[in-house]
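Peer 1: Just passing along the structure, written as C-alpha cells.
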Amino acid sequence: MPKTVFITGTSTGIGAATVRLFAQHGWQVAATMRNPADAKFDDLPNVRVYALDVTDADAAPRAIEQAHADFGGLDVLINNAGYGLVGPFEMATDEQIQQQFSTNVFGVFAVTRAALPIFREQKSGVIINITSVGGRTAFPMNSLYHATKFGLDGFSESLWYELAPFGIQVKVVAPGGVATDFATRSLKMTIDPANDADPYAPQVRSVLAAFGERGGAASTPEQIAEVIYTAATDGTSQLRYIAGEDAQRILGAKAQMSEADFAAMIQQNFGV
C-alpha cells in the first residue's frame with residue numbers, strides 16, 4: 001500500500017513543490033490550503049486537496065481525520081504553512097503579533113496534536129517542521145518571525161525526545177532564502193518603509209535591500225522539497241536538516257566566529 005503524507009500550506013512555493021515530489025515518488029498526498037480553489041494538482045491522481053486554515057484549531061482534527069479515512073493511513077506530517085512579519089517590534093499591533101504566532105506556532109501545535117494519536121497507536125510516523133535558518137540565527141527587523149521559528153525549533157527538539165519511545169521521528173528542515181513569493185504574498189510589514197516619518201523606516205529599507213541583494217543565492221522550492229523528502233525517507237533519527245547553501249554558509253560562519261564578530265558582520269551586511 002502506498003504511503004501517505006499530509007502537508008500544510010501547499011498552494012505555492014515549497015509546499016506545492018513538496019506535494020509534486022512526493023506524488024511523483026508514488027506517495028498518496030493530502031495537500032491542504034486555506035482555499036482549495038488555488039490548487040494546481042489536477043494532473044496528479046494520487047493527490048487530494050483539503051481546506052485547512054491552520055489558525056483554526058478546530059479545523060486541524062477534521063482535516064487529519066478526513067485524510068486518514070480517505071487514504072487509509074498516515075505516515076508523514078509536514079508542517080509547512082507560515083509567513084514572515086517584518087519590521088520593528090515596537091510598531092507591531094497586537095493583532096499582527098497574534099496572527100504571526102497563530103500561523104507559525106499555534107497552527108503547528110494544532111495539526112501535530114491531531115496527528116499524534118494516529119502515529120502513537122501505529123507506533124510509527126514522521127513529523128517534519130519547516131522552520132528556517134531564522135530559527136537558528138537572527139537578522140535585524142525580523143524579531144517576531146524569529147521568535148516563532150526559534151520557538152518551533154526548540155519545540156521540535158524537545159518533542160524528538162518525547163516521541164522517540166513511540167517510534168515517532170521528529171525532524172526540522174531549516175531553509176535559507178527560497179525563490180518563492182514568500183517575500184510578497186507571504187510577507188507582512190509592521191510599518192510602511194516608505195514613510196519617512198517613521199523612525200525605523202531607514203533601517204527597514206536597509207534590511208529589505210540587503211535581503212534583495214542576496215536573492216541570487218536563494219534555493220528553488222524544488223531544491224528544498226528534495227531535502228524534505230530526504231528527511232521523510234532516510235530512516236534516520238537525525239533532527240535538523242539545513243537546506244540551502246546560503247543557510248549552511250551563514251550557520252557555518254556563526255559556529256566559527258565569536259558572538260561579537262558575528263554580530264558585527266550582521267550589522268555591516270544589513271547596514272544597521
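The values are calculated or read from the model by the stated rules, or taken from the named source; none is laboratory data. No experiment lies behind these values; they were computed from the predicted model shown. Because the Cβ atoms are built from the backbone with ideal geometry, glycine has one as well, and the counts that use them run over all protein chains shown.
Peer 1: Of these, Leu52, Leu44, which one is within 23 Å of Val227 (Cα to Cα) and either hydrophobic (A, V, I, L, M, F, W, C) or modelled with pLDDT of 95 or more (or both)?
Peer 2: Numbers: Leu52 fails: within 23 Å of Val227 (Cα to Cα).
Of Leu52, Leu44, the one residue that is within 23 Å of Val227 (Cα to Cα) and either hydrophobic (A, V, I, L, M, F, W, C) or modelled with pLDDT of 95 or more (or both) is Leu44.
Peer 1: Same structure, new question: Of the residues Ile130, Ile78, only one is closer than 30 Å to Val272 by Cβ, surrounded by 16 or more Cβ atoms within 10 Å (Cβ to Cβ), touching a helix residue (DSSP H, G or I) at 6+ places or on another chain (Cβ under 8 Å) and in contact (Cβ under 8 Å) with a residue 24 or more places away in the chain; which?
Peer 2: Working: Ile78 fails: closer than 30 Å to Val272 by Cβ.
Exactly one residue qualifies, and that residue is Ile130.
Peer 1: Next up: Select, from Asp181, Asp198, the only residue that is surrounded by fewer than 17 Cβ atoms within 10 Å (Cβ to Cβ) and either at pLDDT 95 or above or among the acidic types (Asp, Glu) (or both). Outline the logic, then answer.
Peer 2: Working: Asp198 fails: surrounded by fewer than 17 Cβ atoms within 10 Å (Cβ to Cβ).
Every option except Asp181 fails the conditions.
Peer 1: Something else: Considering each residue of segment 14-52, count those that are part of a loop (DSSP other than H, G, I, E, B) and either buried (at least 17 other Cβ atoms within 10 Å of the Cβ) or in contact (Cβ under 8 Å) with a residue 12 or more places away in the chain (or both), and give that number.
Peer 2: Of the residues in segment 14-52, the ones part of a loop (DSSP other than H, G, I, E, B) are 25-27, 34-35, 39-46, 52.
Cutting the leftovers down to either buried (at least 17 other Cβ atoms within 10 Å of the Cβ) or in contact (Cβ under 8 Å) with a residue 12 or more places away in the chain (or both) gives us 25-27, 34-35, 39-41, 44, 46, 52.
Number satisfying all stated conditions: 11.
Peer 1: Among Asp261, Asp246, which is the only one that is part of a helix (DSSP H, G or I), of a type in the set (Asp, Glu), modelled with pLDDT of 95 or more and over 17 Å from Ile128 (Cβ atoms)?
Peer 2: Asp261
Peer 1: Here is a further query. Determine, yes or no, whether Ala69 is surrounded by fewer than 16 Cβ atoms within 10 Å (Cβ to Cβ), aliphatic (A, V, I, L, M) and either in contact with a Lys or Arg (Cβ under 7 Å, 6 or more places away or on another chain) or assigned to a helix (DSSP H, G or I) (or both). Lay out the reasoning, then the answer.
Peer 2: Details: surrounded by fewer than 16 Cβ atoms within 10 Å (Cβ to Cβ): yes; aliphatic (A, V, I, L, M): yes; either in contact with a Lys or Arg (Cβ under 7 Å, 6 or more places away or on another chain) or assigned to a helix (DSSP H, G or I) (or both): yes.
The answer is yes for Ala69.
Peer 1: Which ones in segment 212-243 are crowded, with 19+ Cβ neighbours inside 10 Å, of a type outside the set (Ser, Thr, Tyr) and not in a loop (DSSP other than H, G, I, E, B)?
Peer 2: Selection gives Pro221, Ile224, Ala225, Val227, Ile228, Ala231, Ala232, Ile242, Ala243.
Peer 1: Would you please name the residue that is nearest to Asn80 (Cα to Cα), looking only at residues in segment 125-174 that are in contact with a Pro (Cβ under 9 Å, 6 or more places away or on another chain) and not in a loop (DSSP other than H, G, I, E, B)?
Peer 2: The initial filter retains those residues of segment 125-174 that are in contact with a Pro (Cβ under 9 Å, 6 or more places away or on another chain), namely 130-133, 141, 143.
Add one more test, that the residue is not in a loop (DSSP other than H, G, I, E, B), and what stays is 130, 133, 143.
Values: Ile130: 5, Val133: 14, Ser143: 20 Å.
By that ranking, first place goes to Ile130.
Peer 1: Name every residue in segment 249-258 that is of a type in the set (S, T, N, Q) and outside any loop (DSSP other than H, G, I, E, B), in order of residue number. Spell out the reasoning first.
Peer 2: Filtering segment 249-258 down to residues of a type in the set (S, T, N, Q) leaves 256, 258.
Gln256, the sole residue that qualifies.
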